[in-house]
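**Student:** To start, I am sharing the structure in question, which I have written as structure tokens.
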Amino acid sequence: MVKPIKSGVRELLYNMISKFQDMKEQHDDVLSQKRLCLQDIEKLTCSISDELKPHLQVTLQKLKALEELTINSESQYIKKIASMTGVSERTLRVIKNEGQNNQGIWRTPGKQLSHNTKYGQNTLPNEFRVLSKETEKTILSFVVCDSRFNESLNVVKSALLFTRAPIHFVIFADDSLRPRFNESLTRMRRLTNNQLDFELHKVSFPEEHAADWMNLFSKCAAQRLFIPKLLPHIDAMIYVDTDTLFLGPVEKLWNFFSHFNNSQISAMALEDDNPNVSWYPRFAKHPFYGKYGLNSGVMLMNLTRMRTFGWVEYVTPIMLKWKLYIPWGDQDIINIIFHYHERAVFVLSCRYNYRSDQCMYGDACNDATSRGIFLLHGSRKAFHNDKQPAFQAIYRAIDEYEVGTDPSKTLIQSMSKYFDAAAPSNCGNLRDAFLKVPIETFSNLYPIPDR
């Protein structure tokens, strides 16, 4: 009697089989680019003598035929796995179908597997880990150097304002800022009755190429690329730029982890879904995600999966190859990686990373207009200059709020007052989109008592 294959081995075999699709997608992308090059060569044949044309055409046909043979079919791929493992092709196909039906998770009799996770611990294999809504703390992270201290404290304040759930902050900061963060966050922890907790880390890059990394785009911004390796004790986190503000409960954004399928390691919003506005299709000189590229100002990171993926091993070779062509630094590197691994991204709505691009030329984010802006991203200094008065109004109200005081009586009023007093702008025409989520959230947090 043949012994049944244990669940852990079935998971491993399924993972091997599922890699075929990733390989095929990469191959198809390269093949399409090569075909374009061959088409260009064919056009040039017009200027070649009639005597040489037939020879060139034969050579082109041979090249095309060779390209079609550069990757095996799935059947050949499974046959190769069967010869390596000793598992029959029929069994491998059964495992493939099982994995597609159960999202890569097998349950072993007598041993309960749970999606619930303490950070860094989970009974599910790393490749198939999915976070649950019941995770006890939301983990929020950002990186800050130089002059962004006050701005980053407003990230903390905004996250605390719209929830009563506990939040764990993981902050990477330079030597001059860590003592200031320790003092300010310790005070906030006391004032919020321990709603927040935090850990501080120094900015740290691999010694080789450290100078390149430190100054890529803006100082120390590239630190986020190394977080999966630097924080082995943490399972997942939401990373945000320091010029972002929450306008709703952070745990609602965290819950998107539970929507990941078994191939997704991260979630981000598109740079823009309009090719006439998005920077990447117009100007990028490097590969990028999909048709429009990703904006990494808000990034859900399943660190366990990213470690299994080998994330950190990708980033340095990409930086060295493309460093003259990546003006947005770490965001461009992220786009290059996900260009070749599109299935690894869960795409968020623009309401979860709302930038001035979504409103400065008119309403370009229908989801935010109908449901409200959930997370405001003041990229290109939108919180600090006069070009986007609507963004300034929201930032000013949160900046003036004092942690430990009752926000229910002042915050929404301040937002409304500053918004209405702001200079007219296209973004300012979307007043309801800016205020809808804060008002709804506060009505839930501070309900008016029945009389």
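The values are calculated or read from the model by the stated rules, or taken from the named source; none is laboratory data. Nothing here was measured: the structure is a model prediction, and the numbers come from that model. Cβ atoms come from the backbone with ideal geometry, glycine included; neighbour counts cover every protein chain shown. Accessible surface areas use protein heavy atoms only, side chains included; no ligands, DNA or RNA. Shrake-Rupley method; radii C 1.70, N 1.55, O 1.52, S 1.80 Å.
**Student:** Taking residue 446 as meeting all but one of (1) under 23 Å from residue 189 (Cα atoms); (2) open to solvent by 20 Å² or more (accessible area, probe 1.4 Å); (3) modelled with pLDDT of 95 or more, write down the number of the exception.
**Tutor:** (3)
Let's see how each residue does on (1) closer than 24 Å to residue 433 by Cα; (2) of a type in the set (Val, Ile, Thr); (3) at pLDDT 95 or above:
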residue	(1), (2), (3)
323	no, no, no
331	no, no, yes
341	no, no, yes
348	yes, no, yes
351	yes, no, yes
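**Student:** Do any helices (runs of 4 or more DSSP H) entirely within region 128-229 hold 3 or more residues that are in contact (Cβ under 8 Å) with a residue 40 or more places away in the chain and within 22 Å of residue 267 (Cα to Cα), and if so, which?
**Tutor:** By residue number, 149-161.
**Student:** Note down all Cβ pairs under 8 Å where the first residue falls in region 387-416 and is over 22 Å from residue 430 (Cα atoms) and open to solvent by 50 Å² or more (accessible area, probe 1.4 Å), the second is in a helix (DSSP H, G or I) and of a type in the set (S, T, N, Q), and they're at least six residues apart or on different chains.
**Tutor:** The qualifying pairs are 400/414.
**Student:** Would you pick out the residues in region 230-278 that are hydroxyl-bearing (Ser, Thr, Tyr), under 27 Å from residue 173 (Cα atoms) and not in a loop (DSSP other than H, G, I, E, B)? Outline the logic, then answer.
**Tutor:** Going residue by residue through region 230-278, those that are hydroxyl-bearing (Ser, Thr, Tyr) are 239, 242, 244, 258, 263, 266, 278.
After this cut, where a residue has to be under 27 Å from residue 173 (Cα atoms) as well, the list is 239, 242, 244, 266.
Within region 230-278, 239, 244, 266 meet the criteria.
**Student:** Exactly one of (1) of a type in the set (S, T, N, Q); (2) within 15 Å of the chain's Cα centre (by Cα); (3) open to solvent by 30 Å² or more (accessible area, probe 1.4 Å) is unmet by residue 369. Its number?
**Tutor:** It is condition (2) that residue 369 fails.
**Student:** Mind listing whichever residues of region 227-258 are under 16 Å from residue 165 (Cα atoms) and basic (Lys, Arg)?
**Tutor:** Within region 227-258, just 252 meets the criteria.
**Student:** Scan region 281-288 and tell me whether some residue there is modelled with pLDDT of 95 or more, under 21 Å from residue 218 (Cα atoms) and in a helix (DSSP H, G or I).
**Tutor:** For region 281-288, residues modelled with pLDDT of 95 or more, under 21 Å from residue 218 (Cα atoms) and in a helix (DSSP H, G or I): absent.
**Student:** Pairs needed: first member in region 327-356, under 14 Å from residue 299 (Cβ atoms); second member anywhere, surrounded by 18 or more Cβ atoms within 10 Å (Cβ to Cβ) and of a type in the set (Lys, Arg); C-beta distance under 8 Å; at least 6 residues apart or different chains.
**Tutor:** 330/224
**Student:** Still on this structure: Which condition does residue 206 not pass, out of (1) at pLDDT below 95; (2) within 24 Å of residue 138 (Cα to Cα); (3) not hydroxyl-bearing (Ser, Thr, Tyr), if it passes all the others?
**Tutor:** Among (1) at pLDDT below 95; (2) within 24 Å of residue 138 (Cα to Cα); (3) not hydroxyl-bearing (Ser, Thr, Tyr), the lone unmet condition for residue 206 is (2).
Rundown of residues vs (1) open to solvent by 40 Å² or more (accessible area, probe 1.4 Å); (2) touching a Phe, Trp or Tyr at 6+ places or on another chain (Cβ under 6 Å); (3) more than 13 Å from residue 352 (Cα to Cα), yes/no style:
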residue: 244; (1), (2), (3): no, no, no
residue: 249; (1), (2), (3): no, yes, no
residue: 267; (1), (2), (3): no, yes, no
residue: 276; (1), (2), (3): yes, no, yes
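**Student:** Now a separate question. Identify all residues within region 278-325 that are among the β-branched types (Val, Ile, Thr), crowded, with 18+ Cβ neighbours inside 10 Å and over 26 Å from residue 365 (Cα atoms); write none if there are none. Full working, then the answer.
**Tutor:** Going through region 278-325, the residues among the β-branched types (Val, Ile, Thr) turn out to be 298, 304, 308, 312, 315-316, 318.
Still in the list and also crowded, with 18+ Cβ neighbours inside 10 Å: 298, 304, 315-316, 318.
Correct list: 304, 315, 316, 318.
**Student:** From the list 140, 161, 185, 124, which one is at pLDDT below 95, open to solvent by less than 50 Å² (accessible area, probe 1.4 Å) and out of contact with any Cys (no Cβ under 8 Å at 6 or more places or on another chain)?
**Tutor:** Numbers: 140 fails: at pLDDT below 95; 161 fails: at pLDDT below 95; 185 fails: at pLDDT below 95.
Criteria check complete, one pass: 124.
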